[in-house]
Amino acid sequence: MKAAKRRLRLIYLLVPLLLLSLLHPQHNLLADPVKPENDDQQQMLQKSLSIVEIDHEIDRITRQQDDTQTGIGKLQSQLEAKQEQIKNRQEHAGAVVRSYYMGERDNLFTLLFSAKSLSNLLEIYSYYEMIMDQDKTVLNAYQSQYQSIKETQQRMENSYAQLTAIKNSLIKQRERVLALQKDLDSSIAGSSDPEAMKKMIQEFTNYWENVGMYEVKRYFSALSSAMDDLPEFIQNKKGAIRTNGTTYSIEIQEDDLNDFLKSKNELFNNFAFHFRDNKVIAAGESGNLSLQVEGHYSVENEPENSILFHVDKLVFNGLELPDTTCRQLEKEFDLGFYPQQIVSFVKATEVTSRDQILHVTLKLSM
């Protein structure tokens with residue numbers, strides 16, 4: 001089920017990439033990218049790249065803010081409607097409660113003992129039962145409406161808290177991009193040829209948005225797709241799974257992982273993973289393009305037990321992308337794997353990567 005959902009998600013992600021490939025055919029992808037001539041130019045291109053990507057993050061946050069605000073408006077309308085409904089329920093429920101408090105239902109029950117015949121008893125009981133059922137319906141309806149209001153209020157409180165966090169994030173990113181832009185403008189003005197530098201930055205920006213991000217997502221998409229088949233690869237790899245009592249372990253050699261990736265996609269013929277000191281480094285080159293991803297794995301238990309990959313650093317053609325891009329790629333592409341797809345009755349408790357080996361410790365799931 002999980003793999004099916006991931007494949008469906010990949011289809012939605014790959015459609016725009018395929019459309020982009022039609023707009024930018026292969027000879028464009030291999031066009032020479034802008035290359036800095038010295039450290040000063042390198043720094044300026046680095047800042048311009050960060051500005052572009054943080055601007056994209058600001059756009060995403062703004063859309064999220066608008067969607068959340070719209071959601072709050074809908075919840076407010078629902079709450080007002082529910083409050084109006086409960087007024088009517090409240091009157092009926094109050095009447096029922098008063099009748100019990102005043103002993104009116106007790107008097108009705110007493111009538112049962114005053115019946116003078118069996119047929120009279122059954123007739124009184126049927127009326128009594130109808131009244132009790134109606135009371136129960138009224139009280140249950142009131143309780144249901146009241147609970148619905150409480151739940152709607154809680155969703156609104158959560159949405160307001162989310163909106164506050166979104167606004168704070170938006171302010172932070174805007175301050176960040178303004179500071180970068182100010183620094184970049186100062187660097188351009190102090191360069192030997194400001195106009196040429198502006199042209200270089202514009203050319204690089206165009207290259208990144210039309211080619212660079214496409215290439216980065218192409219690799220991430222291929223990795224995400226390959227991860228779907230990793231559980232099967234581990235199951236079939238002799239010695240990959242070991243057991244010691246109630247403890248299981250999975251060991252993946254970096255050479256084996258790289259061979260597996262090459263078998264899934266020719267993109268990985270010039271791209272390799274390395275496991276070092278609890279870091280995972282993936283790097284490669286193709287023509288004039290180079291990509292390096294540095295990250296780490298962690299054990300997560302929500303919404304399910306999993307080994308998730310976190311992007312700590314992303315470098316494209318020697319230029320490091322901002323953290324906002326790393327987080328966005330994590331959201332778009334699932335590079336993790338799920339131990340219970342390998343051994344159904346265990347859960348991962350620890351993951352380490354060192355000495356060219358990725359090691360996962362698993363315990364019996366009780």
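How charged is the neighbourhood of residue 54? Take every other residue with its Cβ under 11 Å from the Cβ of residue 54, and add Lys/Arg as +1 and Asp/Glu as -1.
Net charge in that neighbourhood comes out at -1.
Show me the three semi-axes of the equivalent ellipsoid for region 245-313, from the C-alpha gyration tensor (sqrt of 5 times each eigenvalue), largest first, rounded to whole Å.
Equivalent ellipsoid semi-axes, largest first: 26, 15, 11 Å.
Put +1 on the Cβ of every Lys and Arg and -1 on every Asp and Glu Cβ in region 238-279; which of 248, 272, 258 then has its Cα farthest towards the positive end of the dipole?
248
For region 328-345, what does the Karplus curve 6.51 cos²θ - 1.76 cosθ + 1.60, with θ = phi - 60°, yield as ³J(HN,Hα) per residue in whole Hz, taken in order and with x for Gly and Pro?
With the stated coefficients, region 328-345 comes to 5, 5, 4, 5, 6, 10, 8, 9, x, 9, 10, x, 6, 7, 9, 10, 5, 9 Hz.
Once the dipole of region 151-221 is set up with Lys and Arg at +1 and Asp and Glu at -1 on Cβ about the Cα centre, which of 206, 188, 162 lies farthest towards its positive end?
162
If you roll a 1.4 Å probe over region 263-366 with all protein chains in place, what percent of the accessible area is carbon or sulfur?
For region 263-366, the apolar C and S fraction of the accessible surface comes to 44 percent.
Can you tell me the dipole magnitude for region 214-366 around its Cα centre, using point charges on the Cβ only (Lys, Arg +1; Asp, Glu -1), in Debye to the nearest 20?
On the way: 15 positive and 24 negative charges, 56 e Å.
The dipole magnitude comes to about 260 debye.
Under a Cβ-Cβ cut-off of 12 Å, what is the net charge of the residues other than residue 189 that fall near it, where Lys and Arg count +1 and Asp and Glu count -1?
After counting each charged neighbour, the total is -2.
Let a ≥ b ≥ c be the square roots of the eigenvalues of the Cα gyration tensor of region 289-366; is it rounded (a/c under 1.5), or, if not, prolate (a/b larger than b/c) or oblate?
Details: a/c = 3.17, a/b = 2.00, b/c = 1.58.
It comes out prolate by the Cα gyration axes.
What is the magnitude of the charge dipole of region 195-264 about its Cα centre, with +1 placed on the Cβ of each Lys and Arg, -1 on the Cβ of each Asp and Glu, and no other charges, expressed in debye to the nearest 20?
For this selection, approximately 40 debye.
Relative to the present Cα-Cα distance, how much length would full extension add between residue 69 and residue 202 at 0.36 nm per residue of separation?
Full-extension gain reported as 44.4 nm.
The values are calculated or read from the model by the stated rules, or taken from the named source; none is laboratory data. Keep in mind it's a predicted model, so treat the numbers as computed, not measured. Note: ideal-geometry Cβ built from the backbone for every residue, glycine included; neighbour counts use all protein chains shown. Ligands, DNA and RNA are excluded from the accessible area calculation, which covers all protein heavy atoms including side chains. Shrake-Rupley method; radii C 1.70, N 1.55, O 1.52, S 1.80 Å.
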